[in-house]
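The structure appears below as structure tokens.
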Amino acid sequence: MELRVIDKEETELALEIAGEDHTFMNVLKGALLETEGVTAATYDVNPEQSGGQTEPVLTIKTESDVDALDALEDGAERVIDKSQGLKDAYDAAV
């Protein structure tokens, strides 16, 4: 997975996530929206409709006392935890 920071401010982050599609981006966005201090999390898979950028761009906005990069880390940890929970449930079922 390749990440490229497009814009970084304390309470806002725009990040290109190369090689991902709606499946991963929806999971990450959902986890971010459940993260304390995150006020908005969106992604766009084709932000330049005229044929430019096609990799997903994730945008995170946070409350004034929450760093957007820290929120991304918390959201990524939430994805890991949920994935492990699914794996554990699957292992218990088979």
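Residues checked against (1) hydrophobic (A, V, I, L, M, F, W, C); (2) within 16 Å of ARG78 (Cβ to Cβ); (3) at pLDDT below 95; (4) under 13 Å from the mean Cα position of the chain (by Cα):
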| position | (1), (2), (3), (4) |
| --- | --- |
| ILE6 | yes, no, yes, no |
| ALA18 | yes, no, yes, yes |
| HIS22 | no, no, yes, yes |
| GLY30 | no, yes, no, yes |
| LEU33 | yes, yes, no, yes |
| ALA40 | yes, no, no, yes |
| PRO47 | no, no, yes, no |
| SER50 | no, no, yes, no |
| THR59 | no, no, no, yes |
With (1) without any contact (Cβ under 8 Å) to a residue 24 or more places away in the chain; (2) loosely packed, with under 14 Cβ neighbours inside 10 Å as the list, and LEU33 as the residue in question, which single condition is left unmet?
-> (2)
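The values are calculated or read from the model by the stated rules, or taken from the named source; none is laboratory data. Given the structure is predicted, the values throughout are model-derived calculations rather than measurements. Don't worry about glycine lacking a Cβ; one is built from the backbone with ideal geometry, like all the others, and counts go over all protein chains shown.
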